[in-house]
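The structure appears right after this line, and notes come after that.
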Amino acid sequence: MTPGVFDIRGRTALVTGSSRGIGLALAGGLVQAGCTVALHARDPQALERAAAGLAPAAGRAGGRVHHVTFDVTDRAAVDAGVAAVEAELGPLDILVNNAGIQHRALLLDFPDDAWQRVIETNLTSAFLVGRAVARGMVERGRGKIVNIGSLQSQLARAGTSAYAASKGGIKMLTRAMCAEWAPSGLQVNAIGPGYFDTELTSALVNDEAFDAWLRQRTPAARWGRPEELVGTLLYLASPAADFVNGQILYVDGGMSAVL
Ligand code: NDP
């Protein structure tokens, strides 16, 4: 039986970038906890497959799976997409700003358009989707927003400058959202994943030297599995975290704790 303090059955959630990887695992966790979840990405076919995969679990847990397609960097599409989700499912209780991309290049060679794309996709999107969803949450006086940061919200690495800048921005946007929306009853927090095996990191997972470095550098001595982020999200989305605000919680096998 779910202890009341972690009980989020019947809540409605939108998880951006949830056709695969971390977003899909987080959406699956919310579904299993009894939420109705809107999956989201740009590729409609991938979304349909993801939704079909989660539908049986939603049936068992008493929720529903819906899916919506929009580009998080397209301002008009964001507002229309959020409105469409709320028209279909009702007011959103939980938003997970997860959609993100990577572009690896050294600063002196970093293409301007790639810089722009990473910042827009990883950081500006959380402002745009967050603002669209928070309008209703502020009016209702409650809501949970969880932004997906990174170990790189805190630590930089050569070759991923735009990504690190965007994720450092996520940490501060989370605090700014807390400053403005906590008085209206919202909780806004972030999760900072370490290295997880997904499509975003496949180049690194398949790079023997990087893989060896990662296992040596991480106290847990391995890559994370996306499902290992679910418990942290459920905590932050639940009444257990009603007085937790503006924080970033690192889930990284201990990497940020040691040199
Ligand atoms: P994936 O590449 O596996 O998934 C990214 C998701 O975002 C996909 O669903 C993709 O779908 C969607 N997406 C990308 N761009 C857009 C866009 N412009 N508009 C709408 N949707 C978009 O990445 P991960 O699961 O690894 O990463 C998820 C989040 O976790 C990201 O924010 C990432 O930075 C963060 N993270 C990941 C870590 C890791 O080790 N994997 C570590 C730390 C943080 P589509 O392309 O169809 O739009």
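Numbers for the structure displayed
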| item | result |
| --- | --- |
| Some residue of region 47-55 being more than 26 Å from residue 232 (Cβ to Cβ), within 16 Å of the ligand (Cβ to nearest atom) and hydrophobic (A, V, I, L, M, F, W, C) | yes |
| Residue ID - surrounded by the most Cβ atoms within 10 Å (Cβ to Cβ), chosen from residues in region 1-16 that are of a type outside the set (A, V, I, L, M, F, W, C) and in contact with a strand residue (DSSP E or B) (Cβ under 6 Å, 6 or more places away or on another chain) | 16 |
| Residue among 152, 187 that is open to solvent by less than 40 Å² (accessible area, probe 1.4 Å) and either over 21 Å from residue 94 (Cβ atoms) or at pLDDT below 95 (or both) | 152 |
| Residue in region 167-178 that is within 16 Å of residue 255 (Cβ to Cβ), among the small types (Gly, Ala, Ser) and out of contact with any strand residue (DSSP E or B) (no Cβ under 6 Å at 6 or more places or on another chain) present | no |
| Qualifying residue in region 237-246 (condition: open to solvent by 20 Å² or more (accessible area, probe 1.4 Å), part of a loop (DSSP other than H, G, I, E, B), closer than 26 Å to residue 176 by Cβ and aromatic (Phe, Trp, Tyr)) | yes |
| Members of region 1-50 found to be among the aliphatic types (A, V, I, L, M) and free of Cβ contacts under 8 Å to residues at least 24 places away in the same chain, listed by number | 1 |
| Residue 159 vs. criteria more than 10 Å from the ligand (Cβ to nearest atom) and open to solvent by less than 30 Å² (accessible area, probe 1.4 Å) | yes |
| Complete set of residues in region 76-94 that are over 24 Å from residue 241 (Cβ atoms) and touching a helix residue (DSSP H, G or I) at 6+ places or on another chain (Cβ under 6 Å) | 78, 79 |
| Cβ pairs under 9 Å, 6+ apart, first in region 138-159 and without any contact (Cβ under 8 Å) to a residue 24 or more places away in the chain, second basic (Lys, Arg) | 152/167 |
| Residues being within 11 Å of the ligand (Cβ to nearest atom) and surrounded by fewer than 21 Cβ atoms within 10 Å (Cβ to Cβ) - total across region 33-46 | 5 |
| Selected residue (criterion: farthest from residue 34 (Cα to Cα)) from residues of region 213-232 that are within 11 Å of the ligand (Cβ to nearest atom) and not in a helix (DSSP H, G or I) | 223 |
| Which listed residue is open to solvent by less than 60 Å² (accessible area, probe 1.4 Å), in contact (Cβ under 8 Å) with a residue 12 or more places away in the chain and within 16 Å of the ligand (Cβ to nearest atom), from 77, 114, 58 | 114 |
| Those helices (runs of 4 or more DSSP H) lying entirely in region 1-108 with at least 3 residues under 23 Å from residue 149 (Cα atoms) | 21-32, 75-89 |
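The values are calculated or read from the model by the stated rules, or taken from the named source; none is laboratory data. Quick caveat, the model's predicted, so the values are computed rather than measured. Here the Cβ is made from the backbone with ideal geometry for all residues, glycine too, and neighbour counts use every protein chain on show. We work out accessible area using only protein heavy atoms, side chains counted, and drop any ligands, DNA or RNA first. Shrake-Rupley method; radii C 1.70, N 1.55, O 1.52, S 1.80 Å.
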